[in-house]
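Enquirer: The structure that follows is given in the form of structure tokens.
The values are calculated or read from the model by the stated rules, or taken from the named source; none is laboratory data. Keep in mind that this is a model prediction, so the values were computed, not measured. Virtual Cβ from ideal backbone geometry, glycine too; neighbours counted across all protein chains shown.
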């Protein structure tokens, strides 16, 4: 059975699509590129942080919830990166309490859920506490529109994108670039074959 493979990570244009196809992929996935479109439901203030992001300020961090995540370095991530363990746990505790309120659950139910999560995933209590950080900090920036108060998950490619075209325009441009690239490659092959004769 043939399983289609979709390439992901760092794709934003037709050249990337052609490269992925050349390696045998069936297509490409572009999370950050489609996040950064005029059709995106992300608030405008947050999108502005994405389109003005510096390539060197997109980092991989474990300080949000213990897992490796690529994000744009903003005020909140900078604070977490430069805060000790106690400061990160304090942020996690605040996120956990905010999550409890957001979910409409009581303290006992929250504690039971945290303990069950810790047991099921073999996490320490500290790791379980930090697990509340990601959803609440992402909610703050990506839904509520406060990019300096949350975190900004991102692919490295965000540092190369400077526009908020529509999703349709992005697709049209990628297809046109890919077709032009393939035509140039085919023309080069034909010219090379003709020269060899």
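Enquirer: Which of the residues that make up the range 148-176 are more than 13 Å from residue 36 (Cβ to Cβ) and assigned to a loop (DSSP other than H, G, I, E, B)?
Expert: The answer is 148, 149, 150, 151.
Enquirer: Only residues in the range 51-74 that are farther than 14 Å from residue 159 by Cα count as the first member; pair them with residues that are surrounded by fewer than 16 Cβ atoms within 10 Å (Cβ to Cβ) and modelled with pLDDT of 95 or more, Cβ under 9 angstrom, at least 6 apart or cross-chain, and list the lot.
Expert: Here the result reads 68/60; 69/60, each pair linking the range 51-74 to a residue that is surrounded by fewer than 16 Cβ atoms within 10 Å (Cβ to Cβ) and modelled with pLDDT of 95 or more.
Enquirer: Suppose the filter is closer than 24 Å to residue 147 by Cα, surrounded by fewer than 17 Cβ atoms within 10 Å (Cβ to Cβ) and in contact with a strand residue (DSSP E or B) (Cβ under 6 Å, 6 or more places away or on another chain); does residue 85 pass it?
Expert: For residue 85, the condition - closer than 24 Å to residue 147 by Cα, surrounded by fewer than 17 Cβ atoms within 10 Å (Cβ to Cβ) and in contact with a strand residue (DSSP E or B) (Cβ under 6 Å, 6 or more places away or on another chain) - is not met.
The rows are residues; the columns are (1) within 17 Å of residue 64 (Cα to Cα); (2) surrounded by fewer than 13 Cβ atoms within 10 Å (Cβ to Cβ); (3) touching a helix residue (DSSP H, G or I) at 6+ places or on another chain (Cβ under 9 Å); (4) at pLDDT 80 or above.
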residue: 79; (1), (2), (3), (4): yes, no, yes, yes
residue: 108; (1), (2), (3), (4): no, yes, no, yes
residue: 112; (1), (2), (3), (4): no, yes, no, yes
residue: 116; (1), (2), (3), (4): no, yes, no, yes
residue: 128; (1), (2), (3), (4): yes, no, yes, no
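Enquirer: Ok, one more. Confirm whether residue 148 is in contact with a helix residue (DSSP H, G or I) (Cβ under 6 Å, 6 or more places away or on another chain), at pLDDT 95 or above, surrounded by fewer than 17 Cβ atoms within 10 Å (Cβ to Cβ) and more than 19 Å from residue 11 (Cβ to Cβ).
Expert: Against the criterion (in contact with a helix residue (DSSP H, G or I) (Cβ under 6 Å, 6 or more places away or on another chain), at pLDDT 95 or above, surrounded by fewer than 17 Cβ atoms within 10 Å (Cβ to Cβ) and more than 19 Å from residue 11 (Cβ to Cβ)), residue 148 qualifies.
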